[in-house]
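*Asks:* Okay, here's the structure, questions in a sec.
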Amino acid sequence: MLVNFTPPSASEYIRVLPEILLTVGGTILMIAEGLAGERHRRGLAPMALAFLLLALGGAVVAGMDPGPAFNNMLTVDGYATFFRLLVLIVGILSVLISGSYLTRENADSADYYALILFSLCGQSILASANELIMVFIGLEISSIATYVLAGFLRNDKRNNEAAIKYFLLGSFATAFLLYGVGWIYGVTGTTNLQEIHRFLTSSESVYSPLLVSACAAMMFVGFAFKVSAAPFQGWAPDVYQGAPAPVSAFMTAAPKAAAFAVFLRVYSIAFSGLTERWQPILWVSAMATMVIGNFAALRQDNIKRMLAYSSVAHAGYVMVAVVAHSEAGVAAAMFYLASYAFMNLGAFAIVTHYVGKGERYVGIDDMAGYARQQPLIAALFTWFLLSLIGVPLTGGFFGKFYVFKSAIDSNLIWLTVLGLLNSAVAAYYYLRIIVVMYFHEPTNETGAAGPVPAGVRLALIGSAIGVFVLGVMPSAVLEFANRSAMLSR
Amino acid sequence: MHHLWLIPFFPLAGFLVNGIFGRRFSKGLVSMVAVGSVALSFAWALKCLLALAPLETPHVERYFMWIQSGSLAIPYELSVDRLTAIMLMVVTGIGSLIHIYATGYMHDEDGFYRFFAYLNLFMFFMLTLVLANNYLLLFVGWEGVGLCSYLLIGYYFLKHSASTAGNKAFIVNRIGDFGFSLAMFLIFITFGSLDFQKVFEAAKAVPVEVSAGMMTAICLLLLVGAAGKSAQIPLYVWLPDAMEGPTPVSALIHAATMVTAGVYMVARSAAIFTKAPIAMETVAWVGLATAVMAATIGMTQFDIKKVYAYSTVSQLGYMFLALGVGAFSAGIWHVVTHAFFKALLFLGAGSVIHALHHEQDMRNMGGLRTKIPITFAVLACAWIAISGVPFTSGWYSKEAILGAVHHHSPLMYWIGVATAAVTAFYVSRSMFMTFFGEYRGHAHPHESPPVMWVPLAVLAVLSLAGGFLFNVPHILEPLFPVEHGGHDIMLEIIGSAAGLVGIGLAYVMYVASPGLPDSISSSLGGVYRLVYNKYYVDEAYDATVVRPLVSGSRTGLWQFGDVWLIDGVVNGMGGFARWIGGGVRTLQSGSIRSYAAWVVAGAVIFIIAAGAIAGSNGGLR
């Protein structure tokens, strides 16, 4: 009601500082390209980086003064800050590996960086959304920008196919989500997460549990699609394989983390009273996601497609933490997503460089003898792959450790056993790359990859440090995750 | 906060800088980074200690929570008490001197930067080890120094004997580390923590009779760990072979610092050990037996570094003897003085080897007194110190140990005194063979550059006056109260006499009548061969442990276990997994229509499932 309208206070604006900075940055980038002309394209990536760093600072500033913003539509808590920082760091690493790729493909353009910034803006909203309409808006901002990114190289058939697939199926799944939101509003008369929780748990309210369960299931379809959980994972391998390599790197880490953030928030707050109804569904989905991701990855010869399936499998591990439905589970999911972001970005950074112009060398066999040509890069790749397997002293180990520990604490013994068996299977296809790199003779075809560009090198160092720090001093991050895992109902 | 973390940080930074960029640096720059980082660390340690004095209770600094899982909480904490303070000074002080020396010694070697990167990394781990405030962090340092030791022993990795020696050291240390890990598990189970203060508080509160069994088990396992690192029976065999590494490494790692880590660890855990008398007695006997055995082997060796290697094993035995009889502060005192004179002996030996262009056999030396006088002068200081000539540093700590041992058991005392005489004998023998008589070699000896002999001179002063300057038992009094009252003049005279007798005997045999050693060794025959061949311990291990292990692994583990059982199961599972994978892959048709159909099907199934679960709970509410 306009009569009661009070303008938002200054501190509320500060709480959305990262979103503001990202939007302004993206807009400036698009204008700047027109003004600067062809010759200054090299300055675009550094400019985008500068905005991202500003936004990172903005997220820290916003996180120092937690609280609700804009009539409780957003809430900036430790949880939101964690995911904002995470997606922004993923954004920075993705921009670092994009510059040389775009130059190689003759596709340098401000649009690319602007789209990344806009997509991150949507994810940042998702991280702090406290209300279903904001969830929808954030999801759409994030997704639409990513649809375009997936098809960024207009003349590449694979890109076009990926973008169309992603767009059609994504819209389809989002429709389910929106339908669920509509029903929930019909039942409870609100879209605010806390109020939905209050309504569903209050003894005075009258509603049909059947209808609410159906709402929860439909919203689950939307979220599960975005995190590529079974049986809605079908698009993921095709899109991740078809999209430009740096975009795949970005898509498998940032939008997925943000989608998990909002997924966890909605189910831990709004539907926490209905746990026993949705937990079995998630259980099945988590199990199927792990199995499909890991077993399908076994048979892949295309390194991007293998990493795509691996991304599905890792979503399955995070789902295990979601099923656990506890604070420890939330913290474990947060930790896992952070460590996955680093190891995945690192692996994709190398792939981005290695595939060469027109993404010619995407076969696993193309990596034959790589260790002899680029010993350091091969060692780093090995390091990321070991982390993806979950070998101790890497972030991946503690990620899996905390996820399965939270599952055991919630008495999910069978899911834990299945998860551990799955991670054993996973070792096979990751180790295969290491074997090819170190023990196979290079063929004539390979060896096209030249020296590693500075941006990729920076991203590699950053990711390697991330994986190392999470693997050796996990408590630094876990403590933060634990403190922010208590979502206010 | 005194920022203790900076002490290990400086060498770590040196390691990173030299390790990453060293290849492109000039040798001067590499040396500057390496020496500078250790010197900074020394300065910072000194500054912290002066600021923290008198440090009667431990000063603990907590940085962050390192590992947390259930009831296991391990913070990253560094702490300093007086024991750590002494170790800090020894490690950084002697470390600095040896780094300086090494810049001269290693000057013409390949991989100069690699050497200093490893050496700095070693300093980082060693400082982590002594600064750690819980067993796990100590273990990190413990493993880290083991790794660096392995890397540096195998520094000349193209030389076969060097890489085998590195492997031997690594594997033998693994056995010790396994004991240490088990000890840590038991400590955690018994006391619920790995934090030093908490564990020792709890241990002090336990009455001896209640948990003697558990305490003994913990202490014996800790002893296994210490025996591995500090080269005690039965795990001493790696140390003599470790001399394949460059001489500064032998001095720093295999004489002055790393090998004393076991002594440090046992002294650190004194609160637990004092509750386990059986374990203490074991420590004392292991130490004594090691001291005797290694000293006798030392008498028969001809490789100058091997003599000092066995001497190190023997002196470490002395330290364990001290720990075992409860004279912790005397043991640590010997760590300090031994660091001075043994580092000096090794560096001096290095100077001799350097002068003779890598000649290590003492039978090809002799008469070098006049040719390399400075080296002779400084080595002479180490010589009288280790021999226990009165008022040198070695004399103080040795008498402190022997006094305590006499208090505990006269039998042990007399064995100890005899060993002291043997010690004086073999060191004098090496000195006489090297510096006296006629020169028997062919190379042209030349004196080492100042960058090498200046550190030696500093160590020489410390070897002479170190015992007098640093009264370690007095410093450690808040930690280990001195129980054994007063000095017994009689004991001191006996101890001093033993040293002088050893020197005299060596003089008679190697200077006055040089034919004597040969006739003695041939008249002893079998006994001499037994000792000369190091009691055939390596051969015995080879026959009883190594070979059965290798052949058992080959037939049992490899052919049956690995090839047949594991490979069979794995290949079977792999085939099965790929079969499932093939099935799963057919889901991925690539067509949008089928994916959309899956979305619909999934949605329908889930809505029905949710409805069914809800339905069982009744209708409207």
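The values are calculated or read from the model by the stated rules, or taken from the named source; none is laboratory data. Owing to the predicted nature of the structure, the values given are computational and were not obtained by experimental measurement. Cβ placement follows ideal geometry from the backbone for every residue including glycine, while neighbour counts extend to all protein chains displayed. In case anyone asks, the SASA skips ligands and DNA or RNA and just uses the protein heavy atoms, side chains included. Shrake-Rupley method; radii C 1.70, N 1.55, O 1.52, S 1.80 Å.
*Asks:* So what is the relative contact order for segment B:240-387, in percent, with contacts set as C-alpha pairs under 8 Å and at least six apart?
*Replies:* Values: 173 pairs, mean separation 41.4, N = 148.
Relative contact order, segment B:240-387: 28 percent.
*Asks:* Other chains near B:593-602: what is the mean number of their Cβ atoms within 10 Å of each residue's Cβ? Show your work: numbers first, answer last.
*Replies:* Numbers: counts 1, 1, 13, 6, 1, 7, 13, 3, 1, 16.
Taking all residues of B:593-602 together, the mean is 6.
*Asks:* In segment A:10-484, what is the volume of the convex hull around the alpha carbon atoms, normalised per residue and reported in Å³? Don't jump to the answer; show the numbers that get you there.
*Replies:* Details: hull volume 60.1 nm³, N = 475.
Cα-based convex hull of segment A:10-484, divided per residue, equals 127 Å³.
*Asks:* Something else: Could you work out how much longer the chain between A:SER205 and A:SER171 gets when fully extended? Use 0.36 nm per residue separation minus the Cα distance between them, nm to one decimal. Walk me through the intermediate numbers first.
*Replies:* Values: separation 34, 0.36 × 34 = 12.24 nm, distance 3.34 nm.
Fully extending the segment from A:SER205 to A:SER171 adds 8.9 nm.
*Asks:* Rounded to the nearest 20 debye, what is the charge dipole size of the protein assembly as shown about its Cα centre when +1 sits on each Lys and Arg Cβ and -1 on each Asp and Glu Cβ?
*Replies:* Working: 59 positive and 57 negative charges, 303 e Å.
Result for the protein assembly as shown is approximately 1460 debye, rounded to the nearest 20.
*Asks:* May I ask for the angle, rounded to the nearest 10°, between helix A:474-484 and the longest principal axis of chain A, with both axes built from Cα atoms and the value confined to 0 to 90°?
*Replies:* With rounding to tens, the tilt is 30 degrees.
*Asks:* Evaluate Rg over Rh across segment B:343-431, taking Cα atoms for both radii and Kirkwood's formula for Rh. Can you show the working numbers first?
*Replies:* On the way: Rg = 15.6 Å, Rh = 14.4 Å.
For segment B:343-431, the value is 1.09.
*Asks:* Now for a different question. What angle, in degrees between 0 and 90 and rounded to the nearest 10, separates the Cα long axis of helix A:132-150 from the longest principal axis of the Cα atoms of chain A?
*Replies:* Tilt relative to chain A: about 20 degrees.
*Asks:* At B:GLN559 and B:SER71, where each label point lies 7 Å from the Cα along Cα→Cβ, what is the point-to-point distance in nanometres?
*Replies:* Computed distance between label sites B:GLN559 and B:SER71 equals 4.9 nm.
*Asks:* A further question on this structure: Picking from B:PRO449, B:LEU119, B:ALA465, whose Cα lies most toward the positive end of the charge dipole for chain B (charges on Cβ: Lys, Arg +1; Asp, Glu -1)?
*Replies:* B:LEU119
*Asks:* Okay, next question. Are there any chymotrypsin sites (Phe, Trp or Tyr not before Pro) in segment A:58-148 that are in a DSSP loop and have at most 16 other Cβ atoms within 10 Å? List them by number. Let's see the in-between values first.
*Replies:* Details: sites: A:PHE70, A:TYR79, A:PHE82, A:PHE83, A:TYR101, A:TYR112, A:TYR113, A:PHE118, A:PHE136, A:TYR147; in loops: A:PHE70.
Within segment A:58-148, the qualifying chymotrypsin sites (Phe, Trp or Tyr not before Pro) (loop, at most 16 other Cβ atoms within 10 Å) are A:PHE70.
*Asks:* Let me ask something else. How long is the gain from B:ALA543 to B:PHE391 if the chain were fully straight, where each residue apart is worth 0.36 nm and the alpha carbon distance is subtracted?
*Replies:* On the way: separation 152, 0.36 × 152 = 54.72 nm, distance 4.61 nm.
In short, 50.1 nm is gained.
*Asks:* Which FRET efficiency, nearest 0.05, do A:ASN411 and B:ALA418 yield, Cβ-Cβ r, R0 60 Å?
*Replies:* Calculated value: 0.35.
*Asks:* Mind checking segment A:316-417 for trypsin sites (Lys or Arg not before Pro) that DSSP puts in a loop (not H, G, I, E or B) and that have at most 12 other Cβ atoms within 10 Å?
*Replies:* Details: sites: A:LYS357, A:ARG360, A:ARG372, A:LYS400, A:LYS405; in loops: A:ARG360.
Passing sites in segment A:316-417 are A:ARG360.
*Asks:* For chain A, what % of the accessible area comes from carbon and sulfur atoms, probe 1.4 Å? Don't skip to the answer; put the middle values down first.
*Replies:* Details: 11410 of 17020 Å².
Roughly 67 percent, rounded to a whole number.
*Asks:* Below 8 Å between Cα atoms, with a sequence gap of 6+, how large is the relative contact order for segment A:10-484 in percent?
*Replies:* Working: 802 pairs, mean separation 71.6, N = 475.
Relative contact order comes out at 15 percent.
*Asks:* Cα extents of the protein assembly as shown along the three principal axes, largest first, in whole Å?
*Replies:* 109, 68, 64
*Asks:* Using Cα pairs under 8 angstrom and six or more residues apart, how large is the relative contact order of chain B, in percent? Walk me through the numbers on the way to the answer.
*Replies:* On the way: 950 pairs, mean separation 69.9, N = 621.
Relative CO of chain B lands at 11 percent.
*Asks:* So how far apart, in nm, are the two label points at A:LEU458 and B:ARG174 if each is 7 Å from Cα heading toward Cβ?
*Replies:* Spacing of the two 7 Å Cα→Cβ label points: 4.3 nm.
*Asks:* Considering the zone a paramagnetic label at A:GLU441 would reach in this model (a point 7 Å from Cα along the Cα-to-Cβ line), which residues of segment A:353-375 have amide N under 20 Å from it?
*Replies:* What the label zone holds, given the 20 Å backbone N cut-off, is A:364-374.
*Asks:* Applying 1/(1 + (r/R0)^6) with R0 = 60 Å to the Cβ-Cβ distance of B:HIS442 and B:MET32, what FRET efficiency is obtained, to the nearest 0.05?
*Replies:* Values: r = 37 Å, r/R0 = 0.61.
The computed FRET efficiency comes out at 0.95.
*Asks:* Roughly how many whole Å is it from the C-alpha centroid of segment A:280-312 to that of segment A:328-397?
*Replies:* Distance between centres, Cα-based: 17 Å.
*Asks:* Please list, ordered by chain and number, the residues whose modelled amide H lies under 5 Å from the amide H of B:SER230; skip anything fewer than 5 residues away on the same chain.
*Replies:* B:GLY262
*Asks:* Next question, about the same structure. If I model a spin label as a point 7 Å beyond the Cα along the Cα-Cβ vector, how far apart are those points for B:LEU147 and A:GLU276 in nm?
*Replies:* 5.1 nm
*Asks:* On to the next question. Can you give the extra length, in nm with one decimal, that the chain gains between B:ALA212 and B:ILE520 once fully stretched, where that is 0.36 nm per residue apart less the Cα-Cα distance? Display every interim value, and only then the final one.
*Replies:* On the way: separation 308, 0.36 × 308 = 110.88 nm, distance 4.89 nm.
Difference between extended and current length: 106.0 nm.
*Asks:* Same structure, new question: As I understand it, the value is the acute angle between the Cα axis of helix A:157-188 and the longest principal axis of the Cα atoms of chain A; what does it come to in degrees, rounded to 10?
*Replies:* So the helix axis and the longest Cα principal axis differ by about 10 degrees.
*Asks:* Using a Debye calculation, one point per C-alpha and no hydration shell, please list log10 I(q)/I(0) for segment B:165-272 at q = 0.16, 0.18 Å⁻¹ in order.
*Replies:* Summing over Cα pairs of segment B:165-272 leads to -0.72, -0.85.
*Asks:* Computed FRET efficiency, Cβ-Cβ of B:LEU50 and B:LYS198, R0 35 Å: what is it to the nearest 0.05?
*Replies:* 0.75
*Asks:* Show me the ranking of peptides B:146-157, A:222-233 by mean Cβ neighbours inside 10 Å, starting with the highest. It would help to have the intermediate numbers written out before the result.
*Replies:* Working: B:146-157: 22.0, A:222-233: 27.1.
For the peptides B:146-157, A:222-233, the packing ranking is A:222-233, B:146-157.
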